[in-house]
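What follows is a single structure, written as structure tokens, with notes after it.
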Amino acid sequence: MNEHPDSDIDDIRVKLDEIHRDIRTFIEDSNRQHLESVLAFVRSDYADVLEKHLIADAEAGLSKNMVKRCDRLDQCRAVFTDMLQKNASLIRQPPVEGESIDSRRDEITDLRKAMPYDKCDICFSEVSDLFEKQVSLMQSMRIYETKKDTKQVISNIPTESVIDDILEPLCHPKRLEILKAVSGQSMSFSLLSNLTGLRGGNLLFHLQKLSDGGMIIQQHERGDYMITGKGFRVMEGITEIYSVLAPEDN
């Protein structure tokens, strides 16, 4: 008969903790693999659609927001359109190198320096916004990732951006449930409805909040919902924080 039952229990607890960590690691790796497979599918099957969307968005933005009364309007619009079309075409040939994106940013900056009017700032601001929207989509699809993945100094974290882009989209329990669910697989509206107990407009409201926050995307109209690269990184961060701060008996 064992004379040290407490010691045996401690040994069992240690083993269970090790198994729990192994299972959690497996799940996280599986989620990551799922995300990559889903993104690979989107990249291969929707590259044409995404490129056309980016080009149409660029043309609409330039047409609407460039300065109308300018003798360089047609010339500059042609240059900007060509520049943004070439950048949009990168979505068809992943991965996108950081040097390529940086050189295009420099091209926009250098071009602005050569322009003669103060009002040129308006047009170049629009071009920069459209360019960064394209880059943001590439990052969400993990076609382009920056090399600046170093931790920010806490004092430099932009408060409003963190609240608007990360905390606010996740501040409701149902939205966190949704994001947890799509971290493992893409899910239909009906499946998410069954999971959350939300119906119709109530569920759509929370899905829209996550979509506006860049956490999830819908594969196509009335299609399944899946997590974005941003959403998955946020969930990885939450998991890491929870594993450190959670009570030991969890």
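Just so you know, all these numbers are worked out from the coordinates, no wet-lab data involved. All of these numbers come straight from a predicted model, not from anything done at the bench. All Cβ positions, even for glycine, are placed from backbone atoms using ideal geometry, and neighbour counts span all protein chains on display.
Quick one: if the Förster radius is 41 Å, what FRET efficiency do L111 and E240 give, using the C-beta to C-beta distance and rounding to 0.05? For L111 and E240, the calculated efficiency is 0.45. Note that region 113-129 has calculated 3J(HN,Hα) couplings of 4, 8, 7, x, 10, 5, 5, 4, 4, 4, 5, 5, 5, 5, 4, 4, 4 Hz, one per residue in order, obtained from phi through the Karplus relation 6.51 cos²θ - 1.76 cosθ + 1.60 (θ = phi - 60°); glycine and proline are x.
Over the C-alpha atoms of region 39-140, the Rg to Rh ratio, Rh being the Kirkwood estimate, stands at 1.00. Residues whose amide H lies under 5 Å from that of I216, counting only those 5 or more places away or on a different chain, are S211, T228; hydrogens are built 1.01 Å from N in the peptide plane. Contact order, relative form, for region 39-140: 40 percent (alpha carbon pairs under 8 Å, 6 or more residues apart, mean separation divided by residue count). Phi-derived couplings, Karplus 6.51 cos²θ - 1.76 cosθ + 1.60 at θ = phi - 60°, listed residue by residue for region 80-89: 5, 4, 4, 4, 6, 5, 5, 5, 4, 5 Hz, with x used for Gly and Pro.
For the cross-link pairs K86/K230; K52/K86; K68/K133; K64/K133, which exceed 20 Å when the distance is taken from alpha carbon to alpha carbon? Going by Cα-Cα distance, K86/K230; K68/K133 fall outside the 20 Å limit. Please state the shape class of region 56-115: rounded when a/c is under 1.5, otherwise prolate if a/b exceeds b/c and oblate if not, all from the C-alpha gyration tensor. Oblate, since a/c reaches 1.5 and b/c is not below a/b. What shape does region 159-245 take by its C-alpha gyration tensor, where a ≥ b ≥ c are the square roots of the eigenvalues and a/c under 1.5 counts as rounded, a/b above b/c as prolate, and the rest as oblate? Prolate is the answer for region 159-245, as a/c is 1.5 or above and a/b outweighs b/c. Close amide-amide hydrogen proximity is noted between M66 and no other residue 5 or more places distant or on a separate chain, at a cut-off under 5 Å (H modeled in the peptide plane; Pro and chain starts excluded).
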